[in-house]
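Before any comments, here is the structure.
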Amino acid sequence: MFAEGVPDDRDALEDFIDALREHVPAIERDVAKLRSTPDDRELIGSLFRTLHNIKGDAGLCRVDPAVAIVHPLEAVLARVRSADLRFSASLAEIVLLTIDRLQLAVERLAAGKALAGLRLAPLVDGLEKLAAATPAGVEACIAGVIEAVTGSRPVSGAHIAADTWSGIYDGSRSRAADDLLFFLTLANQFEMRSPRFAGRSMRILRLALETNQMAGDPIDPVQLEAAIYMHDVGMMFLPESVWLRASALTTAEQRIMRGHASYAAGLLARMDGWSPAAEMVAQHHEMPDGKGYPDGLAGTQICAGARVLAIVDAFEAVMLKHVDRGHKRSLLRAVAEVNACDRQFAPEWIEPFNQVIRRAVDSR
């Protein structure tokens, strides 16, 4: 059972935060390598020791929420270290998700903010169940934890068929997977800037991939996944006073905001194999009527991936707007608003998108 508690010693909390910042790069590095070599016992041992050290630091500094978060994850890795469980792509996701939530939690504590909204209780409860799960039940348990924390079932390149990786690094799945993990890490860093963004990337990813699948997969799912992770990363190159607030922007601020897509697309374009994803990111604010930005492209000048990304990104924005205005999230209200913008989105993608939403509503 997770119990929120504010540490009495503020200096000790700051010491723990400093130590955590030193440990996180090692965790991300080990996880990235384990995605390619999941049976590397040395890497597994290194990851376990880092988690153990984090828990020890939290205990010494009396940061009880951190101990509660890390302890069950350490128990999971202990089973991996003893070869009772195998390190998998989905397990990599749960490690990174937990560490991201831990960082955000202690930063909120340091700022005197409540932990509400981070869904730490279901995270800890899910990790405890995962630590006791049978090997056959691990994947379902991980999916349940991710859904409980982010609001969406996990969908990632790790679960995409191997033949979809063709054309990237001469078909080398491991290098592409490493890049996707890096892109996801950047997306998680973006989400950590505000509780309003929590789980955003996975929600958009699932909706985009399902819409693409509904249309027969005309877009390379791997390139689409990379574009989803990266399309908002350019925001972090802009002043936080502009992109972190929910109120309306001035004309000057809108001009600043329009630069974010070019920053993110520029990063992707400079990495071998990701030019289709870069194009999607660069064009995802273009409109069929030519009134979008940055280049005023119209109709088929806009690549298919950007047209899908525009729809699902707008849908997420509408859902967020309803929350900011104090309304309960409503799939039907949000999809109705998106459908009403008939000149903003590609009409050939609206129907597959609507079918995905209808299926989601029917399955509730």
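Some points to look at:
Residue-wise test of (1) open to solvent by 60 Å² or more (accessible area, probe 1.4 Å); (2) free of Cβ contacts under 8 Å to residues at least 40 places away in the same chain; (3) out of contact with any Asp or Glu (no Cβ under 6 Å at 6 or more places or on another chain).
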{"residue": "Arg206", "(1), (2), (3)": "yes, no, yes"}
{"residue": "Leu209", "(1), (2), (3)": "no, no, yes"}
{"residue": "Met214", "(1), (2), (3)": "yes, no, yes"}
{"residue": "Asp217", "(1), (2), (3)": "yes, yes, yes"}
{"residue": "Pro221", "(1), (2), (3)": "no, no, yes"}
{"residue": "Glu225", "(1), (2), (3)": "no, no, yes"}
{"residue": "Met230", "(1), (2), (3)": "no, no, yes"}
{"residue": "Glu240", "(1), (2), (3)": "yes, no, yes"}
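- Residue check for Ala121: touching a Phe, Trp or Tyr at 6+ places or on another chain (Cβ under 6 Å) and either modelled with pLDDT of 90 or more or open to solvent by 40 Å² or more (accessible area, probe 1.4 Å) (or both): yes
- Residue match in segment 64-84 (condition: of a type outside the set (Lys, Arg), on the phi > 0 side of the Ramachandran plot and over 19 Å from the mean Cα position of the chain (by Cα)): yes
- Where a residue in segment 253-278 is within 19 Å of Ala310 (Cβ to Cβ) and its partner, wherever it lies, is surrounded by 15 or more Cβ atoms within 10 Å (Cβ to Cβ) and among the acidic types (Asp, Glu), with Cβ under 6 Å and at least six apart: none
- Among the residues here, Ala131 does not qualify as surrounded by 21 or more Cβ atoms within 10 Å (Cβ to Cβ) and touching a helix residue (DSSP H, G or I) at 6+ places or on another chain (Cβ under 8 Å).
- Residue check for Ala83: part of a helix (DSSP H, G or I) and among the aliphatic types (A, V, I, L, M): no
- Qualifying residue in segment 131-147 (condition: in a helix (DSSP H, G or I), farther than 21 Å from Ala78 by Cα and modelled with pLDDT under 85): yes
- Some residue of segment 322-336 being modelled with pLDDT under 90 and hydroxyl-bearing (Ser, Thr, Tyr): yes
- Residue within segment 158-173 that is within 29 Å of Arg359 (Cβ to Cβ) and modelled with pLDDT of 80 or more present: no
The values are calculated or read from the model by the stated rules, or taken from the named source; none is laboratory data. All values derive from a computational prediction rather than experimental measurement. Neighbour counts run over all protein chains shown; Cβ positions are idealised from the backbone, glycine included. Please note that ligands, DNA and RNA were not included when accessible areas were found on the heavy atoms of the full protein model with its side chains. Shrake-Rupley method; radii C 1.70, N 1.55, O 1.52, S 1.80 Å.
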